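These notes concern the structure reproduced below.
Just so you know, all these numbers are worked out from the coordinates, no wet-lab data involved. What you see is a predicted model, and the numbers here were worked out from it, not measured in a lab. Note that each Cβ is placed from the backbone with ideal geometry, even for glycine, and that neighbours are counted across all protein chains shown.
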Amino acid sequence: MATPPLPAPGEEVFCICRKPDSGELMVGCDGCDDWFHFACLAIPEKYHELVFSFYCPRCQAGETGPAAEGGDERARALPRTMWRRKCRVGDCFKPVAATSQYCGEDHARAYWRALVERTDEPARDHLRHMLQEPDVAHFQRLGQGPPRSPPPGSEAVLAGDGLLQELAAQLHGLRTRDRPLLDAHSTRLAAYGEWVRAANQHLFSGGDGGDDRGDKTASARARPKRKRPAKPQALCGYRADLEPPCAPERFAVEFQAAPADEVRGVCARLRCARHLDWAGIQHSALQFQRETLDSSEHRLALLLELRRDQLRLQLYKKLGQDARADTQPVH
Amino acid sequence: MANLLLQDPFSVLKEYPERLTQTFDTPLHTCCVQFSPGGDYLAMGCSNGAVIIYDMDTGKPITMLGNKGGGHVRSIQSIQWSQNGRYILTGARDWFVKMWDLQKAWEPAKEFKFHSPIWTCNWSPGKELGCVVTVYEEDHAFAVDFSLENPTATKICGSTERMNKSEAESEENVKTLDYGYTLVACVHPKRPDILITGTSKGWIKLYRLSDDLVELVHTYRFAHSNAKHMIISQSGDRLAINSADRTIRQYLLTMNDDLTEISFILEYRYQDVINRLQWNCIHFSNNSAEYLVASTHGSSAHDLYLWETSTGTLVRVLEGTDEELLDIDWDFHSMCIASNGLETGNVYIWSITIPPKWSALAPDFEEVEENIEYREKEDEFDQIGQLAHQQELDQAEEVKIDLRSMEKFDVRGNEIDVNRFIIPIEFESILMLKSWHNENE
């Protein structure tokens, strides 16, 4: 470093070295209006474009400048030199362009080209793959989940995983066994409900022929008839196995012939507190089962997907470790 | 100087809770509550058939029975924890009794369907995974055996009762005694072979159950109305019946070993003489049941009443809620009472609040209300006395302290030497929640 000449008397001096201007590269302090040599402050000269706001060591220590002059609390805080962000290309010391990490388009291309050159063979493929994403939105989503392209050999690993197979079997069972069973039960309940309704129709609100017969034969027929205006009459109709015992017409005839609390295994009480809402309960139980099935299917599908991702990630990790082991020299 | 207790033993050992300390604001409408045997968890049965289990330490729900299906679809009538805390028995108005294994709480372990709604279900301690169920409009209680692959239910019907029935059929004129429908049942805690049931016509029936024989050994008429609840003390000698005639009757139950002499001695009747309120639910305190707590029916009363059973006097009214209370359960380990409200379905917890005794931290100091003048005691600075005192201290230190063997009973006489079941964490459901959360974002 060339030593600047000693200052002549009366000449203006700068910097911490207190010497006059020798034409060397200097930076002006924003706090005290003094000028400083890059060399004296041990700042490489190549940074000169990157200075955003400079404060000399004295201002930073609060001896001079805004902190020493006082003012409100914010002004008294010690100032710091601020730098512009440097271009990402290693030997370029220009500041970045607005909303970019590079000084210009050229260096952006140069940086990425160099990055691709530097990476090893398998990773380069992935990088190329990444750069082929159609738009920014897709690109930004990269890395949030496992890679979409499965690693080689993943099919074998997936096929050999016990947990995955168990989940798949459960899902299969749900679809082929549980759901048809449930459907069969629903149709049986619906059919039996229909039968009970038909039987009740024959008994109470049926044709006039039924009424004539009822008036003649059973005194019990008179009782429901009296109460009819208040509320539509209906028998309970509960039967444990939900199988219609006979045709509804025949049942109506039998009930009218011999009214009892139970005819052919069917509960035939008019106001049955015991089996109250039996159809409603069974219906909501079935509904509940159906919802459960739906959510189990959803859950199993999700668990399968999670497990697959997990296995793929493990495989990726293993591949990465193997690759690293290959490149390292054998001791 | 011996170590003092930080908390005053007289307030710690209070025999009943006094203050409302916690309210569980449940999302579902709670119908019945039951503490786990160690008091760690609280199971709540809801009106839509769900059963939620709360952790009492954190006051947060930790699991829901049947979250993968198989839950009840109508309101829960009765919940019972098994003695080891691993199994739960639920009975509901959807005609099902279900047994849940908390190791796999997501679906029922076993279930049995009756042909009408369930009133109560109880474990029968004499049998592994056996229980006693009372069902709507049934003359007899049922014993359900959940240890079998396909659970079976058998009618608990004394051999003499059956004979009576066949006689009645053969000779129509002989009028057999009609006990009415069996509504409530409880098993004698000390004699697991004895089952006591209460009927709709005010009868108590006492059965002896052995492996292949059911015997009706005693009947007793307590009133002419429905039995609503029947509870028996842990010691087995106190029985209380809440019946539809607005009265709780407390009996002293004595029996000899071979059950030839059984007597029910009416000790006290509890009734609200002014408003004539019905009682919703009753519960005894632990061991020999020194206290009885009851909730009242009707929107005007929002309190729990607590009586001393030895004198029949009202000792405490537990207040703090502003709605009618239904079911009651009492946890004897941490001495708290849980009850659920009728309107909101929230669960209220009363417990003991213990004022800290700070002087215990510095045993030489004493808390005084106001300044007192110190007076030296006669022998305070006597040399001989001090020597004797020192010897005493030395002796006290020589006593070996057993730190390793567990105590069998806590201060209240509850057994603590039992394995408490800890409900496992469902990691899968946490995983699911996370992924659903991600999906929805």
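Rounded to the nearest 0.05, what FRET efficiency is calculated for B:SER359 and B:ASN287 with R0 set to 45 Å and r the Cβ-Cβ distance?
Values: r = 32 Å, r/R0 = 0.71.
Taking R0 as 45 Å, the efficiency between B:SER359 and B:ASN287 is 0.90.
Across all Cα atoms of the stretch B:252-316, the radius of gyration (one decimal) and Dmax (whole number) stand at 14.5, 47 Å. Residues A:CYS32, B:CYS46 in ascending order of nearby Cβ atoms (within 10 Å, fewest first): A:CYS32, B:CYS46. The dipole here belongs to the protein assembly as shown: it is taken about the Cα centre, uses +1 on the Cβ of Lys and Arg and -1 on the Cβ of Asp and Glu, and is about 4140 debye.
The residue among B:ALA338, A:MET130, B:THR58 whose Cα reaches farthest toward the positive pole of the charge dipole of the protein assembly as shown, with charges on the beta-carbon of Lys, Arg, Asp and Glu, is A:MET130.
Here the stretch B:44-119 is assigned +1 on the Cβ of each Lys and Arg and -1 on the Cβ of each Asp and Glu. Its dipole about the Cα centre then comes out at about 180 debye.
Per-residue mean of foreign Cβ neighbours for B:64-74 is 4 (Cβ atoms of other chains, 10 Å radius). I need the shape label for the stretch A:124-197. Rule: rounded when a/c is under 1.5, else prolate if a/b > b/c, else oblate, with a, b, c from the alpha carbon gyration tensor. Oblate, because a/c is 1.5 or more while a/b does not exceed b/c.
Give me B:SER359, B:SER405 ranked fewest to most by other Cβ atoms within 10 Å of their Cβ, as a rough exposure proxy. Kindly include the intermediate steps, with their values, before the conclusion.
Numbers: B:SER359 14, B:SER405 6.
In increasing order of surrounding Cβ atoms, one gets B:SER405, B:SER359.
Taking the C-alpha atoms only, the angle from helix B:427-440 to the longest principal axis of chain B is near 80 degrees.
Please sort by residue number the GluC sites (Glu not before Pro) in the stretch B:184-278 whose DSSP state is loop and whose Cβ has at most 15 other Cβ atoms within 10 Å. Before the final figure, lay out each step's value.
Values: sites: B:GLU215, B:GLU261, B:GLU267; in loops: B:GLU261.
When the GluC sites (Glu not before Pro) of the stretch B:184-278 are filtered for loop state and at most 15 Cβ neighbours within 10 Å, B:GLU261 remain.
Counting neighbouring Cβ atoms within 10 Å and putting the fewest first, the residues B:LYS98, B:LYS113, B:LYS60 line up as B:LYS60, B:LYS113, B:LYS98. Between A:HIS185 and A:PHE93, the modelled labels are 8.0 nm apart [label points 7 Å from Cα along Cα→Cβ].
Using the Cα gyration tensor of the stretch B:257-397, with a ≥ b ≥ c the square roots of its eigenvalues, what is the shape: rounded (a/c below 1.5), prolate (a/b larger than b/c) or oblate (neither)?
Details: a/c = 3.10, a/b = 2.01, b/c = 1.54.
Judged from the Cα gyration tensor, the stretch B:257-397 comes out prolate (a/c at least 1.5, a/b above b/c).
Relative to the first principal axis of the alpha-carbon coordinates of chain B, what is the inclination of helix B:159-170, with its axis defined by its Cα atoms, in degrees from 0 to 90 and to the nearest 10? Value to nearest ten degrees: 20.
Over the protein assembly as shown, the fraction of Cα-Cα pairs per 20 Å bin, rounded to whole percents and listed from the shortest bin up, is 11, 28, 24, 19, 13, 4, 1, 0.
With the convex hull drawn over the C-alpha atoms of chain B, the volume per residue is 235 Å³. Enclosing the Cα atoms of the stretch A:87-137 in their convex hull gives a volume equal to 80 cubic angstrom per residue.
Given B:LYS98/B:LYS190; A:LYS86/B:LYS434; A:LYS86/A:LYS318; B:LYS190/B:LYS400, which pairs have Cα atoms separated by over 31 Å?
Working: B:LYS98/B:LYS190 26 Å; A:LYS86/B:LYS434 40 Å; A:LYS86/A:LYS318 37 Å; B:LYS190/B:LYS400 36 Å.
Those over the limit are A:LYS86/B:LYS434; A:LYS86/A:LYS318; B:LYS190/B:LYS400.
Restricting the trypsin sites (Lys or Arg not before Pro) of the stretch B:245-279 to loop positions (DSSP other than H, G, I, E, B) with no more than 16 neighbouring Cβ atoms within 10 Å leaves B:ARG276.
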